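Read through the structure below, which is laid out as structure tokens, and then see the notes.
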Amino acid sequence: MTPFSIPTAYLIVGAMYVLMPAAAWMVLFGLRSRSALLWCSGGGLFGLGIMLLGFRSHIPEWASYPLANSLMFLANMMRAQALRYELEAPWRGRNIALASMGFGLVYEYFHAVLENAILRFEWTTFCLVGLLTHITLLSWQMARQEPSRSAYWVAGGYGVTAVMLLVRMLAVWIGTSAPDAVLGGLDVLGTIVAALATSVIGSVGFIGIFLERARRNDWAAVAARAKQEESARLGAQIAQLDRQRSLGEMSASLGHELNQPLTAILVDAQVAQHGLAQGRWSTAQLGELLHDIEKNTRRASQIIERIRRFIRPTPEQRRPVDLGQLAHEVAQLVSSEARAYRAQIHFATSPAGVCVLGDHIQLSQIVLNVYRNALQALAQSPEREVWVEIECQEPWATLRVRDSGPGFSPLGLQQAGSPFFTTKADGLGVGLSISKSIAQHHGGGLTLANGDAGGAVVELRLPALPAAAA
Ligand code: ADP
């Protein structure tokens, strides 16, 4: 005996199963998710099936049991399939059709041929318990995989309903309860309460799974952005340290370079002083000396400015950069080192105004690394030449540096440009890897090869800037 009408309870549970998924679908509609659609429509069908049970005394026999049971079976297949889509392991359509047919045939055999209400009930409930257990396990798997607290709730709700149905199945089997759904007993009451709770948990839980996922995705996006910013910051720091290291290594030759204009200034100033003391100098002669001093002062200050610009930490600034001009500027920076190696840097007549959009300092750093590697590679070669070529073949602008050294070793060809690969006793193996990442950061690349006639060929390829934009 139950304190309320069982058909009314069925109607309430059925209505909940129709309304809750409808509300859930409205929330999840914007996601256009196939699994959300399957889950919500499965819930709605299940609700209709339960409502048919509630109307049992008012509708024909075929609609109350066969139709209601088919709807409930199909509904749970849909919900299981929704979860399987989420777990990327959907059932095939053919298997679903076979399972549904199998369910219907056995049902009709017990119903129409044997006319055995207990067997019919046991079969239907057995299939439902199987499906609900499957949904429980799938939700559990999803809960662990994501991880999602909402999915645990869904698993819990479905698990309890499956257990309640199992109890009812056993109760009917041993004869303590009737298969008729509207002849209530404690087992029916328990099943109804569990189903009612699951109607809410199932819908709210499914929304929760998507909300949790959205929140997780937001976090992941924020973390990825932070990581990207951090690695960009570290990358800039490493690049700056590499520039400082390069200039540190070049300091002797840069000092020598600076010494020349300073010595010339000193000599000019002494000559001028001497001339003035003797009173034998014309204004024109003095003017010429002052002009020389001015020229050499400018030269010295240009050298200092180049070093300062190169070494100073500056935020990235993308501007049109003329590749030819940049190649000459950096060649001046290494000119004293080239003299020390007794090497010549040749420039092939390059088309004027091959421009790219980029950070002047970062691009200079690539060219500096490539020049210095070429010069160092020449140390053991009888012929000591470096050739620089610039070309533009839309959409690419290319700066190619060839040298007459021994070229890359087979291992060097494979590994050069990977961090910390070096064949030099005092090398760090970071120059080419920094250069590669700067080139990639500018939308281009740095390729390393050996020339047909020997020697290394390093090619910097960057997206060319159309003449109008440059
Ligand atoms: P490092 O100069 O500190 O060794 P790099 O990353 O600039 O670091 O160069 C890595 C390696 O690539 C060098 O040690 C050398 O073996 C090889 N390499 C680079 N440029 C040349 C070149 N022009 N000729 C031959 N080998 C080169």
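Residues considered: PRO410, PRO382, PRO395. Of these, the only one that is within 13 Å of the ligand (Cβ to nearest atom), out of contact with any Leu (no Cβ under 9 Å at 6 or more places or on another chain) and open to solvent by 20 Å² or more (accessible area, probe 1.4 Å) is PRO410.
The C-beta contact set for the stretch 96-118 (first residue touching a residue at least 40 places away in the same chain (Cβ under 8 Å), second residue surrounded by 14 or more Cβ atoms within 10 Å (Cβ to Cβ) and not in a helix (DSSP H, G or I), distance under 7 angstrom, 6+ apart or interchain) comprises ALA117/PRO179; ILE118/PRO179. Scanning the stretch 26-51 for residues that are in a loop (DSSP other than H, G, I, E, B) and either closer than 13 Å to ALA75 by Cβ or without any contact (Cβ under 8 Å) to a residue 24 or more places away in the chain (or both) yields a single hit, ARG32. Among the conditions (1) open to solvent by 60 Å² or more (accessible area, probe 1.4 Å); (2) at pLDDT 95 or above, ALA468 misses just one, which is (2).
When GLU337, GLU385 are screened for being under 27 Å from ALA252 (Cα atoms) and modelled with pLDDT under 95, only GLU337 passes.
Condition check: within 16 Å of the ligand (Cβ to nearest atom), within 21 Å of GLY444 (Cβ to Cβ) and in a helix (DSSP H, G or I). Does GLN376 satisfy that? Judged against the criteria, GLN376 is not a match.
Taking the condition of being closer than 25 Å to LEU462 by Cα, in contact with a Gly (Cβ under 8 Å, 6 or more places away or on another chain) and surrounded by fewer than 18 Cβ atoms within 10 Å (Cβ to Cβ), how many residues in the stretch 285-339 meet it? Here the count works out to 2.
Mind listing whichever residues of the stretch 172-188 are in a helix (DSSP H, G or I), surrounded by fewer than 18 Cβ atoms within 10 Å (Cβ to Cβ) and at pLDDT 85 or above? Within the stretch 172-188, TRP173, ILE174 meet the criteria.
Taking the stretch 416-431 as the range and being among the charged types (D, E, K, R) and more than 6 Å from the ligand (Cβ to nearest atom) as the test, only ASP426 passes. Filter the stretch 161-171 down to the residues that are farther than 23 Å from PRO7 by Cβ and surrounded by fewer than 20 Cβ atoms within 10 Å (Cβ to Cβ) and list them by number. Within the stretch 161-171, VAL163, LEU166, LEU170 meet the criteria. Scanning the stretch 445-465 for residues that are modelled with pLDDT under 95, touching a Pro at 6+ places or on another chain (Cβ under 9 Å) and open to solvent by 40 Å² or more (accessible area, probe 1.4 Å) returns a single hit, GLY454.
With respect to the numbered conditions (1) surrounded by fewer than 19 Cβ atoms within 10 Å (Cβ to Cβ); (2) of a type outside the set (Val, Ile, Thr); (3) away from the ligand (no atom under 12 Å from the Cβ); (4) over 24 Å from SER335 (Cα atoms), which one is the sole condition not fulfilled by HIS442? For HIS442, the exception is condition (1).
The values are calculated or read from the model by the stated rules, or taken from the named source; none is laboratory data. Keep in mind the model is a prediction, meaning the values are calculated, not measured. When we count neighbours, we look across all protein chains shown, and the Cβ atoms used for this are built from the backbone with ideal geometry, even at glycine. Quick note on the areas: whole protein, heavy atoms, side chains included, nothing else; ligands and nucleic acids left out. Shrake-Rupley method; radii C 1.70, N 1.55, O 1.52, S 1.80 Å.
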